[in-house]
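Data block below; observations after.
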Amino acid sequence: MKTVIIGASFAGVHCALRAKQLRPYEEVVIIEKEETLGYIPSGLILLLNQHIKRLDEATFISKDALEKKGIHLILGTSATKFNFSEQYIETTKDRVYYDKLVLAMGSSQISQKLVSNHPGFLTYKKKKDSELALEKIELSKEIAVIGAGQTGMELASALVNKGKEVTLIESMSYPLYKSFDEDVIGPLISEMSQESKLTTYFSQTVKEIKGDNLESELTIVTQQNTISCEAAFLSTNVRPDLSLFEEQLDYHTDQTLKIDAYFETSQPNVFAIGDLVQVPSMLLNQSMYSPLINNAIRSGQICAENLEEKKVAYQGSIRVIGTYVFGQYLASCGLTEADFFLYEEPIETLILDIPLSTIEQDKKIKIKFTYNKNTKILLGVQMISRENILEKINRYTLAIESKMTIDELAKKDHFYHPLYANPVSDII
Ligand SMILES: Cc1cc2nc3c(=O)[nH]c(=O)nc-3n(C[C@H](O)[C@H](O)[C@H](O)COP(=O)(O)OP(=O)(O)OC[C@H]3O[C@@H](n4cnc5c(N)ncnc54)[C@H](O)[C@@H]3O)c2cc1C
């Protein structure tokens, strides 16, 4: 069997590795349009925050490591046309035939809105875009970031740390709204309001951009404001680009490909994974677009298990994120209160401000539990602290996945140490 995977990022690479692990006899080929592979999309932020010295270090896998596993890589080559009935792909080099085709072409920081396609906007998901962005950052004092989701907030925070004058523009009324409720985010908002180098415009949508990033000045126009800057970053939602498929595959209105529980698209022997597809929500009776690395990896691995024969249905995701911005660690899993218009039963919430441990009373964690009012089954957890509490979110992710009630969670075996923990009965 010959499996051809288009796209050598998290989804494609993990699909290839799992396919080779399960079926060493299988011919696995990855076609990737870039000359290099394995770039970590937040490489620019890691560099600005001095966690790495060069963008080259922001790599999760090497060409050699994949070739050693027997995976055949065709780099610097784009898939340009698909013939699904005769099972071949046209590329910028040769025609490639397949038995199984896996589409792992991901998404980009370009939305469908007119304004976001302006050539003046910088993006940084790809290495070459990060390199260009880095040059522009070095030359600029005043920088605008459009979008206050996780990537926009991480960038704004890193730029402020680097001494830049940053303007953050967001159409929602507060940052990180997809994963956090406004009543949790208070400590972050107060931290941000004390940053003299940060100006925020919430509830404002960019209407127009004048100028070009290659020129010295850009003007961004929202409903209420006109903002001048030397560089502007687009950090709004990512979306797949389906234009190559020429309507041969079924897709959702949000431009994601339709798949079955085994990642097969509407065409037989053609699978789609990673940021190209929605994932089933473990908590809601529907699927959702959750473009995250852990979803890309897991979708790739499970797809590989189904290529020869459909065996393992994908269980889905509860959406778990963690980040550090403006001096605050934030983590969230499951549903926020704002998601509950999609949930059919009544819910209750509990917000606690607890000390980090019995001894460290002055170090606080704010934590919000959301659960089904009738059954007490846990549905979502959000946390914020100046301390690194990120790893704790995985405990709550497991609790939600296993449909634990909030009372059952309190009775589980948790370690206690006066310096590092609270007695669990004091938390819930
Ligand atoms: C700035 C930024 C930071 C992020 N940080 C995080 C994070 O910290 N944690 C997290 O969970 N998620 C993060 N994400 C989301 C994460 O990047 C994506 O969910 C993940 O990269 C999706 O992986 P993928 O393999 O599906 O697709 P992608 O990573 O988008 O890769 C698709 C690959 O396909 C190739 N390709 C596309 N078209 C073709 C073609 N026609 N022919 C050949 N090759 C092609 C592309 O060159 C690319 O290599 C971040 C996103 C952004 C934008």
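Every residue, every condition in (1) within 16 Å of the ligand (Cβ to nearest atom); (2) over 19 Å from the mean Cα position of the chain (by Cα); (3) within 26 Å of Gly334 (Cα to Cα); (4) not in a helix (DSSP H, G or I), yes or no:
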| position | (1), (2), (3), (4) |
| --- | --- |
| Pro268 | no, yes, no, yes |
| Phe271 | yes, yes, no, yes |
| Asp275 | yes, no, yes, no |
| Leu284 | no, yes, yes, yes |
| Ala296 | yes, no, yes, no |
| Ser299 | yes, no, yes, no |
For the stretch 239-263, the count of residues that are open to solvent by 30 Å² or more (accessible area, probe 1.4 Å) and not acidic (Asp, Glu) equals 12
Filter the stretch 108-140 for residues that are at pLDDT 90 or above, open to solvent by 20 Å² or more (accessible area, probe 1.4 Å) and more than 18 Å from Glu217 (Cα to Cα); which is nearest to the chain's Cα centre (by Cα)? Lys125
When the residues of the stretch 141-154 are narrowed to those that are part of a loop (DSSP other than H, G, I, E, B) and open to solvent by less than 10 Å² (accessible area, probe 1.4 Å), which ends up nearest to the ligand (Cβ to nearest atom)? Gly147
Taking the stretch 58-68, which residues are within 11 Å of the ligand (Cβ to nearest atom) and open to solvent by 30 Å² or more (accessible area, probe 1.4 Å)? Phe60
All strands (runs of 3 or more DSSP E) inside the stretch 216-261 with 3 or more residues being within 16 Å of the ligand (Cβ to nearest atom): 231-234
Could you please let me know if Ser290 is away from the ligand (no atom under 16 Å from the Cβ) and either crowded, with 18+ Cβ neighbours inside 10 Å or assigned by TED's automatic domain parsing to the domain that holds Phe202 (or both)? no
Which condition from (1) away from the ligand (no atom under 15 Å from the Cβ); (2) within 30 Å of the chain's Cα centre (by Cα); (3) among the hydroxyl-bearing types (Ser, Thr, Tyr) is the one that Thr91 breaks? (1)
Scope the stretch 69-88; condition more than 14 Å from the ligand (Cβ to nearest atom), surrounded by fewer than 14 Cβ atoms within 10 Å (Cβ to Cβ) and within 26 Å of Ser266 (Cα to Cα); matching residues: Asn83, Ser85, Glu86
Can Glu34 be described as open to solvent by 30 Å² or more (accessible area, probe 1.4 Å), within 10 Å of the ligand (Cβ to nearest atom) and over 21 Å from Ile302 (Cα atoms)? yes
Options Ser357, Ser385: the member that is at pLDDT below 95, open to solvent by less than 10 Å² (accessible area, probe 1.4 Å) and not assigned by TED's automatic domain parsing to the domain that holds Ile189: Ser357
Just need a number here: residues in the stretch 94-107 that are part of a strand (DSSP E or B), more than 10 Å from the ligand (Cβ to nearest atom) and not charged (D, E, K, R). 4
For Glu131, are the conditions met, namely being away from the ligand (no atom under 15 Å from the Cβ) and among the acidic types (Asp, Glu)? no
I want to confirm something. Restricting to the stretch 178-193 and keeping residues that are out of contact with any Pro (no Cβ under 9 Å at 6 or more places or on another chain) and not acidic (Asp, Glu), which single residue is surrounded by the most Cβ atoms within 10 Å (Cβ to Cβ)? Ser179
Candidate set: the stretch 5-29, residues that are crowded, with 24+ Cβ neighbours inside 10 Å, among the β-branched types (Val, Ile, Thr) and more than 13 Å from Phe60 (Cα to Cα); chosen: the one nearest to the ligand (Cβ to nearest atom): Ile6
Contact list, first residue from the stretch 285-308 and closer than 18 Å to Asn394 by Cα, second anywhere and open to solvent by 30 Å² or more (accessible area, probe 1.4 Å), beta-carbon distance below 6 Å, six or more apart or interchain, is Ser290/Arg319; Ile297/His14
Turns out the strands (runs of 3 or more DSSP E) fully within the stretch 319-415 with at least 1 residues that are small (Gly, Ala, Ser) and in contact with a Gly (Cβ under 9 Å, 6 or more places away or on another chain) are 328-334, 378-385
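The values are calculated or read from the model by the stated rules, or taken from the named source; none is laboratory data. Values in this document were obtained by computation on a predicted structure and should not be read as measured data. Note that we place each Cβ from the backbone using ideal geometry, even for glycine, and neighbour counts take in every protein chain shown. Heads up: the accessible areas ignore ligands, DNA and RNA and are worked out on the full protein's heavy atoms, side chains in. Shrake-Rupley method; radii C 1.70, N 1.55, O 1.52, S 1.80 Å.
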